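Structure first, then comments.
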Amino acid sequence: MNKFVSSILVVLLAGVLLFGCVEQPPRSDVVVTPVPSVAAAASSAGQVYTVSIRTYYFEPAELTVSQGDSVTWVNDDRYAHSIDFGGFGSDALRPGETYSMEFGAVGDYPYVCGVHGFSNETGIVHVQAIG
């Protein structure tokens with residue numbers, strides 16, 4: 001590969017990496033509904049758990065839920081982040097935005113921040129059978 005093409009690729013990669021690192025102003029058109037913390041709140045469809053995204057970490061990074069439970073990720077950071085399960089997940093979440101997903105099948109669901117992909121910005125949801 002010649003130096004010109006290499007230089008263009010480096011510039012494009014740097015732009016992609018910096019996209020999520022630019023401070024995003026809060027959006028006024030997004031309604032954020034408070035969700036109970038990891039203690040979980042009962043609902044007819046299951047329980048709802050919250051994962052906070054802040055300073056390039058998911059908290060908690062590991063969560064065990066039951067079939068039918070939901071997880072809501074809240075971007076509590078100043079930068080955009082996303083939830084990427086490797087082929088499905090959220091779009092980029094600006095500060096204050098949320099993404100929710102109900103887990104219906106037993107299994108382990110590892111995820112990363114699709115915007116950054118840093119090794120510390122990973123998590124996993126373990127879904128266990130009811131009962």
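Just so you know, all these numbers are worked out from the coordinates, no wet-lab data involved. Quick caveat, the model's predicted, so the values are computed rather than measured. Using ideal geometry, Cβ is built from the backbone for each residue, glycine included, and neighbour counts are taken over all protein chains shown.
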When residues of segment 50-78 are filtered for being under 13 Å from SER100 (Cα atoms) and of a type in the set (D, E, K, R), how many remain? 1
Filtering segment 89-131 for residues that are crowded, with 18+ Cβ neighbours inside 10 Å and among the acidic types (Asp, Glu) leaves a count of 2
Look through segment 52-73, keep the residues that are acidic (Asp, Glu) and surrounded by fewer than 16 Cβ atoms within 10 Å (Cβ to Cβ), and return whichever of them is nearest to VAL106 (Cα to Cα). GLU62
